[in-house]
Amino acid sequence: MIELRKLEIKEYAEAVIYAFEFKEPITSFCFRGKNELGYFLECMNDFKKSINLINLIEEERNKRKNIKKISDSIILA
């Protein structure tokens, strides 16, 4: 598998986890065979354990909570 393709699959795996976490839409991705699908699943498992991704998701959760607090505190006249 070409390194560029591996990078694309790895980035897609990260985007999928992020999209599921925040209920965001995501575009489809076409895998070219079982090897690529296997690599995608491997990346998904690695990202579930990734401290960096966990921290990124936690930061995004906090940011969304703060935005919600601000929007809830705005009084429309």
ask   = When both residues are 6+ apart or on different chains and their Cβ atoms are under 8 Å apart, which pairs have a first residue that lies in segment 16-29 and is under 15 Å from ILE54 (Cβ atoms) and hydroxyl-bearing (Ser, Thr, Tyr), and a second that is part of a loop (DSSP other than H, G, I, E, B) and open to solvent by 70 Å² or more (accessible area, probe 1.4 Å)?
value = TYR18/GLU24
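This table checks each residue for (1) in contact with a helix residue (DSSP H, G or I) (Cβ under 6 Å, 6 or more places away or on another chain); (2) loosely packed, with under 10 Cβ neighbours inside 10 Å; (3) among the small types (Gly, Ala, Ser).
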site: LEU7; (1), (2), (3): no, no, no
site: ALA19; (1), (2), (3): no, no, yes
site: GLY33; (1), (2), (3): no, yes, yes
site: MET44; (1), (2), (3): yes, no, no
site: ILE57; (1), (2), (3): yes, no, no
task = Return yes or no: is SER50 among the small types (Gly, Ala, Ser), at pLDDT below 85, more than 27 Å from MET1 (Cβ to Cβ) and open to solvent by less than 100 Å² (accessible area, probe 1.4 Å)?
result = no
message = Between a residue in segment 45-61 that is free of Cβ contacts under 8 Å to residues at least 40 places away in the same chain and within 12 Å of TYR18 (Cα to Cα) and any residue that is assigned to a helix (DSSP H, G or I) and aromatic (Phe, Trp, Tyr), which pairs come within a Cβ distance under 6 Å, given they are 6 or more apart or on different chains?
response = LEU53/PHE47
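Out of all the residues in segment 10-44, which are within 18 Å of ARG61 (Cα to Cα) and among the acidic types (Asp, Glu)?
If we filter segment 10-44 for residues that are within 18 Å of ARG61 (Cα to Cα), which is where we start, we get 14-25.
Those that are within 18 Å of ARG61 (Cα to Cα) and among the acidic types (Asp, Glu): GLU14, GLU21, GLU24.
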key: The one condition in (1) free of Cβ contacts under 8 Å to residues at least 24 places away in the same chain; (2) in a helix (DSSP H, G or I) that LYS10 fails to fulfil   = (1)
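The values are calculated or read from the model by the stated rules, or taken from the named source; none is laboratory data. Not measured: the values here are computed from a predicted model. Ideal geometry is used to build each Cβ from the backbone, glycine not excepted, and the neighbour counts take in all protein chains shown. Heavy atoms of the whole protein, side chains included, go into the accessibility calculation; ligands, DNA and RNA do not. Shrake-Rupley method; radii C 1.70, N 1.55, O 1.52, S 1.80 Å.
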